[in-house]
Amino acid sequence: MNPIFAFILGVGVTGLLFLGYSMWQRIESEQRLANIIQASPIAVFVIHKDHTVMHWNKAMAELSHISAEEILGTKNHWKAFYNEERPCMADLVVDETLESVPNWYSGKFRKSGLIDDAYEATDFFPDLGEGGRWLHFTASAVRNSQGIVFAAIETLQDITDQKAAEEELIKMKKLESLVAFARKVSQDFDGLLAAMTRNIIVAKAMADKDDTIMLDCLTRAEQDGFQAKELTHKLVTFAKGGYARLKVQAVDDLLRGVAEDFFKGSDIRWTLSLPDDLRLVKIDSGQIRQAFENIARNALEAMPQGGTFSVTAENADIASDASPLKRGRYVKVSMTDSGPGIEREYLSIIFEPYFTTKTKDAGHGKGLGLAMAYGIVKNHDGLILVESEPGRGSTFHVYLPAAPA
């Protein structure tokens with residue numbers, strides 16, 4: 001054989017072998033990358049330069065309820081987060097149009113301090129799952145060996161529970177400051193009212209019996225003084241919860257009595273679900289009944305045309321320090337109405353004194369009912385949480401510490 005031909009043939013075979021090995025390495029590398037993405041407990045998806053989905057891991061499928069088979073090769077990744085087509089963070093990164101990020105995520109994003117061409121943001125997605133979810137997400141460009149962007153990767157973490165805990169802690173701190181203020185004001189105001197009412201009573205007793213106008217004015221002032229005293233008592237209850245006479249007992253009859261008394265003769269259908277092994281609690285039954293009554297009254301006023309009101313109770317254990325409640329054993333009472341619901345912006349202030357969404361001429365209270373309920377339950381080392389959406393009713397969760405086993 002011609003030596004030159006043999007040399008060319010040898011180089012060709014070697015080149016083919018090298019090319020095959022390189023392709024095998026590339027396939028193996030891509031498969032390894034795909035396996036790593038799939039194994040990640042964090043939701044991850046990757047889009048190509050043309051915005052088609054290249055990777056959609058199991059965690060992403062679980063979060064979005066969209067399978068990889070439905071989404072791979074399409075440009076429909078936006079459907080996981082929005083009800084109409086719009087760019088995700090990864091789309092802006094892969095297009096290298098980072099200057100437009102504020103247009104879509106104004107006030108919700110920041111540039112990553114770890115790597116270039118990466119952004120992170122936190123946002124609420126109302127169309128994701130039932131009731132919406134809070135997500136913390138990051139997006140970063142993927143470059144080839146020449147430094148050219150050919151893809152973008154986005155990771156997402158569901159922080160809904162963490163966000164709820166943070167909001168609850170903020171709300172509790174805010175309420176604690178209000179409690180301290182109300183305690184001081186109510187004490188001073190109560191003393192002034194007591195002195196004023198006594199003077200009115202004395203003046204009424206000494207007034208000329210024939211001076212009907214004076215007697216009428218003093219009687220009205222006396223009545224106003226008693227109403228003011230009652231109002232002060234409500235503020236004291238919010239601030240201190242009132243003096244509690246604790247006794248170990250069950251909440252079964254308490255809840256049944258509240259439902260029967262409040263909705264008897266109304267167009268509201270109520271149900272009560274209590275397990276046989278429900279724990280006992282150490283409570284002042286009069287105060288806790290008042291707290292339950294205030295929640296029931298709130299539901300009654302929210303459903304003037306009738307509706308449903310369900311009460312369920314269960315044993316609950318708090319084992320996390322992230323919870324606003326102390327670790328321990330609790331009884332959780334959930335009271336759900338089918339009323340109009342509460343706007344999200346009001347959920348953080350619903351337990352503040354004098355907050356109400358009802359009009360002044362509606363014939364309802366002054367916005368102290370839920371504040372009193374909160375103060376009473378807090379004084380029992382418990383907690384009230386609320387879940388609500390407009391058009392879907394409201395649920396108040398009352399946590400009461402269980403009595404020692």
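The values are calculated or read from the model by the stated rules, or taken from the named source; none is laboratory data. None of the values given here were measured: they were computed from a predicted structure. Cβ sites come from the backbone with ideal geometry, for glycine too, and all protein chains shown count toward neighbours.
Of all residues in region 307-333, exactly one satisfies the criterion of being within 20 Å of the chain's Cα centre (by Cα), surrounded by fewer than 16 Cβ atoms within 10 Å (Cβ to Cβ) and in a strand (DSSP E or B), namely 317.
Residue count for region 334-383 under the criterion of being at pLDDT 70 or above and either outside the structural domain of residue 400 (by TED's automatic domain parsing) or part of a helix (DSSP H, G or I) (or both): the result is 14. Contact annotation: residue pairs with Cβ atoms under 7 Å, 6 or more positions apart or on different chains, pairing a residue in region 193-211 that is under 15 Å from residue 224 (Cβ atoms) with a partner that is among the small types (Gly, Ala, Ser) and at pLDDT 75 or above, are 200/221. Screening region 134-165 for residues that are surrounded by 14 or more Cβ atoms within 10 Å (Cβ to Cβ), charged (D, E, K, R) and under 25 Å from residue 345 (Cβ atoms) and picking the one that is modelled with the lowest pLDDT gives 163. Taken over region 94-129, the residue count meeting the criterion of being polar (S, T, N, Q) and more than 21 Å from residue 51 (Cβ to Cβ) is 3. Considering region 242-289, the residues that are surrounded by fewer than 19 Cβ atoms within 10 Å (Cβ to Cβ) and of a type in the set (S, T, N, Q) include one that is nearest to residue 313 (Cα to Cα), namely 273.
Among the residues of region 212-268, those that are assigned to a helix (DSSP H, G or I), closer than 26 Å to residue 337 by Cβ and at pLDDT 70 or above comprise 252, 253, 254, 255, 256, 257, 258, 259, 260, 261, 262, 263. Given the structure, is residue 124 assigned by TED's automatic domain parsing to the domain that holds residue 57, in contact with a Phe, Trp or Tyr (Cβ under 9 Å, 6 or more places away or on another chain) and surrounded by fewer than 19 Cβ atoms within 10 Å (Cβ to Cβ)? So residue 124 passes the test.
For region 284-306, how many residues are without any contact (Cβ under 8 Å) to a residue 60 or more places away in the chain and in a helix (DSSP H, G or I)?
Taking region 284-306 as the starting set, the residues that turn out to be without any contact (Cβ under 8 Å) to a residue 60 or more places away in the chain are 285-286, 289, 293, 296, 300, 303-306.
From what's left, in a helix (DSSP H, G or I): 285-286, 289, 293, 296, 300.
Residues flagged as without any contact (Cβ under 8 Å) to a residue 60 or more places away in the chain and in a helix (DSSP H, G or I) within region 284-306 amount to 6.
Quick one: in region 112-121, of everything that is of a type in the set (Gly, Ala, Ser) and in contact with a Phe, Trp or Tyr (Cβ under 7 Å, 6 or more places away or on another chain), which residue is modelled with the lowest pLDDT?
Looking only at region 112-121, we keep the residues that are of a type in the set (Gly, Ala, Ser), and these are 112-113, 118, 121.
From the residues that got through so far, the ones that are in contact with a Phe, Trp or Tyr (Cβ under 7 Å, 6 or more places away or on another chain) too are 112, 121.
On the way: 112: 73, 121: 85.
Among those that are of a type in the set (Gly, Ala, Ser) and in contact with a Phe, Trp or Tyr (Cβ under 7 Å, 6 or more places away or on another chain), it is 112.
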